[in-house]
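The values are calculated or read from the model by the stated rules, or taken from the named source; none is laboratory data. These numbers were taken from a predicted model, which means no experiment stands behind them. Note that we place each Cβ from the backbone using ideal geometry, even for glycine, and neighbour counts take in every protein chain shown. The area values use the complete protein model at the heavy-atom level, side chains included, leaving out ligands, DNA and RNA. Shrake-Rupley method; radii C 1.70, N 1.55, O 1.52, S 1.80 Å.
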Amino acid sequence: MGDGAAIAGLGMTELGKVYGRSPRRLAADAVRLAVADAGLALGDLDGLLVSHGLGGSPGIELADTLGLRDLRLLTHMNAFGATAGAMVSYAAMSVLSGAASTVACVFSDAPLKPRQSAGSAYQRDAPEWYGFGGMTAALGFRSVNAFYALAAQRHMARYGTTSEQLGAIAVSTREWAARNPLAQMRDPISLADHQASRWVAEPLHLLDCCLVSNGAVAVVVTGAARARDLARPPVHLWGWGQGHPGHRKERGSEFGLTTGAVSSGRSAMTMAGVTAADVDVCELYDCYTYTVLVSLEDYGFCAKGEGGAFAASGALGPGGTLPTNTGGGQLSGYYMWGMTPLSEAVVQARGDGGERQAVANDVILVSGNGGILDHHATLIVSPHERGTA
């Protein structure tokens, strides 16, 4: 990998109930912030990778909005919540191959509307149901919530995982959010609060489910040697991997029991030359508390079926043995798809966490999960160049 690749800039717009700006404008603002954070100019970019959320826009036309010229890399990507990790890995490979030298990766979304509930933000016109999908819709499986509830139920049925164990994840994540001034939800919650929150799709309570947010996040990826001379401490990319298991939601499949974290984690850790035992901090995709639990197992931080007990032990929260989702994650911080865990990993690697800064930050694992456990991306990042930690 030579000198390797590194994240040199991070740009974050206001996040949460942010109104009056389109996804394209938010994305442009985030790219400008990331470039400035690195101490660069927009003209230094020769690559741009773009991802949008369910609110639509932007696409590759963002390059024109930013006034970028003579780009050597430009594309729109979508692997849902795994997109951020995939974008960064493609940017790194482009830098290492010489296809581009300085690549911005950006995600933006603006599904929230004034005077509308967060729950209505992702409502869409019903599609035309047909085939097996029509049968599942007739049985009530018409939302992402229902399918993740099915996955969580399956894990519970197989391993004895409990709602209280899922609640422990919600509580520890909120403890981290209370230390993050950017988090949307900072008021403390208890396990009793979790259990009392309304059902969304059993066994998932409201406090098992992520937020809805408007905003944009961007990073700038360049060569490690160049990043050393820029404005902010580089966040070195040690390894990356993807996993797309294709589990069918049928009897005998592994749906709900294992995820793409198994293969993507193996690839990323092998490239980085580390194991789960070497990881100091985890920034995991937490669209639901369940996804944190199953990811912990699949990455090897605990044995399969022991994720619930591991979470309930207090290992994930402040003072725990494996600080996880230190900014409040998507459950309590902000929901920017895979950019939520990635942005917090950059903060932690730079030592910018303030009250939430982890004591050890040499090796940080970042995960992204897309679809309904269909797509997975993993990054291993560090404040140190590989081989010097």
Considering only region 250-281, state which residues are open to solvent by 60 Å² or more (accessible area, probe 1.4 Å) and touching a helix residue (DSSP H, G or I) at 6+ places or on another chain (Cβ under 7 Å).
THR275
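Restricting attention to region 34-62, and to residues there that are in a loop (DSSP other than H, G, I, E, B) and in contact with a helix residue (DSSP H, G or I) (Cβ under 6 Å, 6 or more places away or on another chain), which single residue is surrounded by the most Cβ atoms within 10 Å (Cβ to Cβ)? Steps first, please.
Step one: list which residues in region 34-62 are in a loop (DSSP other than H, G, I, E, B), which gives 39-41, 45-46, 53-61.
So of that shortlist, the ones also in contact with a helix residue (DSSP H, G or I) (Cβ under 6 Å, 6 or more places away or on another chain) come out as 55, 57-58.
Details: GLY55: 18, SER57: 18, PRO58: 24.
So, considering only residues that are in a loop (DSSP other than H, G, I, E, B) and in contact with a helix residue (DSSP H, G or I) (Cβ under 6 Å, 6 or more places away or on another chain), the one surrounded by the most Cβ atoms within 10 Å (Cβ to Cβ) is PRO58.
What are the residues in region 63-88 that are surrounded by 24 or more Cβ atoms within 10 Å (Cβ to Cβ) and farther than 15 Å from GLY223 by Cβ, if any? Quick ask: steps written out before the conclusion?
Keep residues of region 63-88 that are surrounded by 24 or more Cβ atoms within 10 Å (Cβ to Cβ), which gives 81-88.
GLY81, ALA82, THR83, ALA84, GLY85, ALA86, MET87, listed by residue number.
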Name, by its number, the condition in (1) buried (at least 18 other Cβ atoms within 10 Å of the Cβ); (2) assigned to a loop (DSSP other than H, G, I, E, B); (3) of a type outside the set (D, E, K, R) that does not hold for VAL219.
(2)
For region 286-318 the number of residues that are without any contact (Cβ under 8 Å) to a residue 40 or more places away in the chain, of a type outside the set (D, E, K, R), part of a helix (DSSP H, G or I) and closer than 24 Å to TRP337 by Cβ is 1
Could you tell me which residue of region 222-249 is surrounded by the most Cβ atoms within 10 Å (Cβ to Cβ), considering only residues that are of a type in the set (A, V, I, L, M) and within 25 Å of PHE107 (Cβ to Cβ)?
LEU237
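So, in region 254-285, of the ones that are in a loop (DSSP other than H, G, I, E, B) and of a type in the set (A, V, I, L, M, F, W, C), which residue ends up farthest from LEU316 (Cα to Cα)? Can you show your working first?
Within region 254-285, the subset in a loop (DSSP other than H, G, I, E, B) is 254-260, 273-275, 279-280, 284-285.
Then keep just the ones that are of a type in the set (A, V, I, L, M, F, W, C); that gives 255, 257, 274, 279, 284.
On the way: PHE255: 25, LEU257: 21, VAL274: 20, VAL279: 13, LEU284: 11 Å.
Filtering region 254-285 for residues that are in a loop (DSSP other than H, G, I, E, B) and of a type in the set (A, V, I, L, M, F, W, C), the one farthest from LEU316 (Cα to Cα) comes out as PHE255.
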